[in-house]
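The values are calculated or read from the model by the stated rules, or taken from the named source; none is laboratory data. The structure presented is a predicted model; accordingly, all values stated were derived computationally and were not measured. Glycine also receives a Cβ, built like all others from the backbone with ideal geometry; neighbour counts cover every protein chain displayed.
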Amino acid sequence: MTPIHFSILLFFIGLYGVVNKNNLIKKIIGLTILNGSTVLFFISIGYFENGIAPIFQKDMLKNPVPVMVNPVPQALMLTAIVIGVSVTALALALIVKIYEEYKNLDIQQLSKE
Amino acid sequence: MKNSSIIKTISQKLFPFIMLFGVYLILHGHLSPGGGFQGGVVLGTAVILLSLSYGIEETERKIKIKYLSILEESVILFFIFLGFLGILTGGFFLKNFLPLGQAGGILSGGFLPLLNLIIGMKVAAGISGIFFILFKYRGEI
Amino acid sequence: MKNHLPILIIIFPLVIAFLILFLKKYSVQLSLTGIFASLFLLLRLTSEILNGNTIAYHLGGWEGPMGITLVIDGLSFYFSFLVLCAGIYIIFYSLYEEKYSSSYYFFLLLSISSMLGVIFTGDIFNMYIFYELLTISTYLLIAYLKKGKSLKASFNYLIMGGVGLSFFLLGVGFLYALFGFLDIALIAENFLDIYLVHREMLMVSFALMVIGIGIKVALFPLHGWLPDAHSLAPSSVSALLSGITVKIGIYCLIRILYGIFSLEKYFFRRTGQIFLILGSVTLLFGATMALAQIDLKRLLAFSTINQIGIIMIGFGIGTKAGITGALFHILNHAILKISLFFCAGIIIKKTGSRLLQDLKGFGRREPFIVLSFTIASMGMIGIPSVNGFISKFIICSAAIEAGFPLIVVIILIASVITAAYYFKIIVLFFDSSETSVKITKPSGKEMTSLRIIFGYWPVYALTGVSVFLGIFPTFGINLLEPAVKLILSNFVP
């Protein structure tokens, strides 16, 4: 199974976690898995067979350059990971405040009030 | 959590090495995997390790959150200022204006090491700041 | 300095936002300076844009697929003008409502700056980044009071926004896998070649992106976060969200649908039909649910869903008249909805309650506010002489021309239901049968007369603009002429 198939599987696992779980923290974990699956998808696009890591070494100017893995999606995904971390931090801060107010972290109980 | 002297001693001995590794990641961002965000997270994790073993009150007395906030806010203005320097030296926003060294050296790549340093400081201050606010102040500030 | 204008318009509110964190005492003056400066810089480009030129700016000097380009064309100019003008009104109204701390103005300016970033960028991954930044700053604005039900509403919005933007990112990933670069203009150039080979993958990418943006725009099955988030936020934030933030999602849909995916005519006709159906269902759903509400701001939030359905119908029709009507309705709905939310905020502040039944006889206390509310709701229903009538009329005539008479019937039914729930409120205002007008003094500091002026003059000014546009609509339509021409020619300059 190639990494691309695996990332679609992770996407559906994350979506299942966000939709079906009742605890708020489990929903956040599902959202993190969802973000991680898109990162995996992007990175596995730029993969070549027998490609080396995209690090530039000084003797590459003299020897012929071998095939490198595409570094552009990796740079894009750094930004996406940062955004995922910020959203998770914000969600956890909101959960702290919700728990102080309602003393409950179950979404069925919270939506009744 | 009981006060465990093993964890306190080990984290005290390991703390400078973790900081060194974080600074290494930031400075070599244009040559090897790493860069501003990764190095900043390692630096923030070092502070979190210290506060988990010594207790948050004592760590926060050494690294005050007021200074972390001021560092975080002033660093982003410096980033935009570097962008404007790109305009002033006759190019576009965020254009490279420092000389490119030889490929593979540490001072190569124009102002990329400088930008990495700025982002590394911001992320380190941010991650430790988030940790302190969530656990010590319970979301208020 | 003239050719650096695109980046300066985005950077100015951002720099001012971070300066506000240092100079906390001058936050209001600084934020007004920032937005006026951006508006001034934008207006310097007016003559060029209205002649049909496009300005492109390469960030960092890197051109082509390697760098990020900022593009100002007719459509970007129209939306950014709307965003900046609305921002001025919202800052003035926030002065009236409460003494907000500096962090509120910081997040407000950050959200306006990221909205300008979404509008001006020409790179689809950059659009995702700025959109995520906009969403994060609005989470914080909704949960500003840090207690009560607004926390739950913000959390609900956070989960749905996060999932939606992950769908959008996966769609962008499919596009990147097929094309190899992320620049919108270059994708549009190579679209037809790749469409012949990989048709199914492009359709999957389109579906994922539409679902992702559809959650933010509140199309029918994906609207669940909107009533809570828009009604439980403070009134100025509700006006920001309903008036402008939803429109940014529509802008992204226009860019993706008309900029990239409409080059293939068969595909475009089918997607137009999907938007027609979704828009009609959204329209009827919003109107019916609004009829059953007893809370004033929740009713206005469902009315937003209502009008978004009309805008989607306009884009689904796809002819010149349909697009003109939809774009004009975006402007009209922003003006009217911001004015309505400001009136609702003033009413809640004066009577201390949000339920409709406590509004009896309010017309005697504040006659001019009730008059503005009446004029704005006339615009929403579509009565002539206010601007809402003109945009609805253009969309209906476009529907008849294109051969969808059923759409006109649906819009008329929805307008009747809209009239029903707005007249319900207006009749309560003018009800003078009981003398038990609730004269509770709202808790809080006393307001000096200067602060009262800051709250009332935006309402009067917006009402005046809506009546003016209703009588002389050519001012608005001239503003969107270059945008319509650009959309119809598929963004080829």
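Can C:Glu97 be described as within 11 Å of chain B (Cβ to nearest Cβ) and either crowded, with 23+ Cβ neighbours inside 10 Å or over 23 Å from C:Tyr251 (Cβ atoms) (or both)? No.
If we keep just the residues of segment B:125-141 that are modelled with pLDDT under 75 and within 8 Å of chain A (Cβ to nearest Cβ), which is surrounded by the fewest Cβ atoms within 10 Å (Cβ to Cβ)?
Of everything passing the filter in segment B:125-141, B:Arg138 is surrounded by the fewest Cβ atoms within 10 Å (Cβ to Cβ).
Out of C:Ile310, C:Ile294, C:Ile305, C:Ile260, one residue alone is over 26 Å from C:Phe92 (Cβ atoms) and touching a strand residue (DSSP E or B) at 6+ places or on another chain (Cβ under 6 Å). It is C:Ile294. Checked against (1) more than 21 Å from C:Asn387 (Cα to Cα); (2) among the polar types (S, T, N, Q); (3) in contact with a Leu (Cβ under 9 Å, 6 or more places away or on another chain); (4) in a helix (DSSP H, G or I), C:Gln273 meets all criteria but (3). Here A:Met77 clears all of (1) closer than 30 Å to B:Ile106 by Cβ; (2) surrounded by 15 or more Cβ atoms within 10 Å (Cβ to Cβ); (3) in contact with a Gly (Cβ under 9 Å, 6 or more places away or on another chain) except the condition numbered (3).
Selection of first residues in segment C:251-268 that are over 20 Å from C:Phe181 (Cα atoms) and hydroxyl-bearing (Ser, Thr, Tyr) and of second residues that are modelled with pLDDT of 75 or more and assigned to a helix (DSSP H, G or I), restricted to Cβ pairs under 6 Å at least 6 apart or on distinct chains, gives the following pairs, ordered by first then second residue: C:Tyr251/C:Phe79. Residue-level check: of (1) free of Cβ contacts under 8 Å to residues at least 12 places away in the same chain; (2) surrounded by 18 or more Cβ atoms within 10 Å (Cβ to Cβ); (3) among the small types (Gly, Ala, Ser), C:Gly61 misses just (2). Taking segment C:53-64 as the range and being at pLDDT 80 or above, facing chain B (nearest Cβ under 9 Å) and not in a helix (DSSP H, G or I) as the test, the residues that pass are C:Tyr57, C:His58.
Within the option set C:Leu253, C:Leu151, being touching a helix residue (DSSP H, G or I) at 6+ places or on another chain (Cβ under 9 Å) and either closer than 18 Å to C:Leu278 by Cβ or at pLDDT 90 or above (or both) holds for one residue only, C:Leu253.
Give segment C:101-139 a look and list any residue that's part of a helix (DSSP H, G or I), more than 17 Å from the chain's Cα centre (by Cα) and either under 20 Å from A:Ile81 (Cα atoms) or of a type in the set (D, E, K, R) (or both), or say none.
Of everything in segment C:101-139, those that are part of a helix (DSSP H, G or I), more than 17 Å from the chain's Cα centre (by Cα) and either under 20 Å from A:Ile81 (Cα atoms) or of a type in the set (D, E, K, R) (or both) turn out to be C:Ile124, C:Phe125, C:Asn126, C:Tyr128, C:Ile129.
Any residue in segment C:65-86 that is within 14 Å of chain B (Cβ to nearest Cβ) and in a helix (DSSP H, G or I)? Scanning segment C:65-86 turns up at least one residue that is within 14 Å of chain B (Cβ to nearest Cβ) and in a helix (DSSP H, G or I).
Just one of the numbered conditions (1) at pLDDT below 85; (2) out of contact with any helix residue (DSSP H, G or I) (no Cβ under 8 Å at 6 or more places or on another chain); (3) away from every other protein chain (no Cβ under 13 Å) is not true of C:Phe40: (1). For segment C:42-52, a residue qualifies if it is over 21 Å from B:Phe84 (Cβ atoms) and not in a loop (DSSP other than H, G, I, E, B), and the qualifying residues are C:Leu43, C:Thr46, C:Ser47, C:Glu48, C:Ile49, C:Leu50. Take C:Ala233 and decide whether it is at pLDDT 85 or above, in a loop (DSSP other than H, G, I, E, B), crowded, with 22+ Cβ neighbours inside 10 Å and among the aliphatic types (A, V, I, L, M). Yes, satisfied. Scanning segment B:102-124 for residues that are modelled with pLDDT under 75 and within 12 Å of chain A (Cβ to nearest Cβ) yields B:Gln102, B:Ala103, B:Gly104, B:Gly105, B:Ile106, B:Ser108, B:Gly109.
If you go through segment A:94-108 one residue at a time, do you hit one that is within 13 Å of chain B (Cβ to nearest Cβ), within 30 Å of C:Gly148 (Cα to Cα) and in contact (Cβ under 8 Å) with a residue 24 or more places away in the chain? Let's see the steps before the verdict.
Here is the first cut: in segment A:94-108, the ones within 13 Å of chain B (Cβ to nearest Cβ) are A:94-101.
Then keep just the ones that are within 30 Å of C:Gly148 (Cα to Cα); that gives A:94-101.
Applying the additional criterion that residues be in contact (Cβ under 8 Å) with a residue 24 or more places away in the chain yields A:95, A:98.
Yes, because at least one residue in segment A:94-108 is within 13 Å of chain B (Cβ to nearest Cβ), within 30 Å of C:Gly148 (Cα to Cα) and in contact (Cβ under 8 Å) with a residue 24 or more places away in the chain.
Taken over segment A:29-65, the residue count meeting the criterion of being of a type outside the set (Ser, Thr, Tyr), assigned to a helix (DSSP H, G or I) and either at the interface with another protein chain (Cβ under 8 Å from one of its Cβ atoms) or closer than 22 Å to B:Gly109 by Cβ (or both) is 9. Just one of the listed residues (C:Ala37, C:Ala17) is free of Cβ contacts under 8 Å to residues at least 40 places away in the same chain and under 23 Å from the mean Cα position of the chain (by Cα), namely C:Ala37. The single condition among (1) within 14 Å of chain A (Cβ to nearest Cβ); (2) surrounded by 24 or more Cβ atoms within 10 Å (Cβ to Cβ) that C:Leu116 does not satisfy is (1). Listed by first and then second residue, the pairs linking a residue in segment C:127-143 that is closer than 17 Å to C:Ala17 by Cβ to a residue that is assigned to a loop (DSSP other than H, G, I, E, B) and not aliphatic (A, V, I, L, M), with Cβ atoms under 7 Å apart and 6 or more places separating them unless they lie on different chains, form an empty list. State whether one or more residues within segment C:279-291 are at pLDDT 85 or above, crowded, with 23+ Cβ neighbours inside 10 Å, of a type in the set (A, V, I, L, M) and under 22 Å from C:Ser353 (Cβ atoms). Yes - at least one qualifying residue is present in segment C:279-291. Among residues of segment B:61-96 being at pLDDT below 85 and in contact with a helix residue (DSSP H, G or I) (Cβ under 6 Å, 6 or more places away or on another chain), the one that is nearest to B:Lys136 (Cα to Cα) is B:Ile65. Within segment B:26-51, the set of residues being part of a helix (DSSP H, G or I) and without any contact (Cβ under 8 Å) to a residue 24 or more places away in the chain comprises B:Gln38 only. Only a single item in (1) more than 8 Å from every other protein chain (Cβ to nearest Cβ); (2) closer than 25 Å to C:Asn126 by Cα; (3) of a type outside the set (Asp, Glu) is not met by A:Ser86, and it is number (1). Restricting attention to segment C:142-190 and to residues that are of a type in the set (Ser, Thr, Tyr) and more than 9 Å from chain A (Cβ to nearest Cβ), the residue that is nearest to C:Ser242 (Cα to Cα) turns out to be C:Tyr157.
Exactly one residue out of A:Lys97, A:Lys26 is in a helix (DSSP H, G or I), of a type in the set (D, E, K, R), surrounded by 18 or more Cβ atoms within 10 Å (Cβ to Cβ) and modelled with pLDDT of 85 or more, and it is A:Lys97. Selection of segment A:66-78 for residues being within 11 Å of chain B (Cβ to nearest Cβ) and part of a loop (DSSP other than H, G, I, E, B) yields only A:Pro71.
Evaluation of A:Ile81 against the conditions (1) more than 27 Å from B:Ile127 (Cα to Cα); (2) within 11 Å of chain B (Cβ to nearest Cβ) shows that the sole unmet condition is (1).
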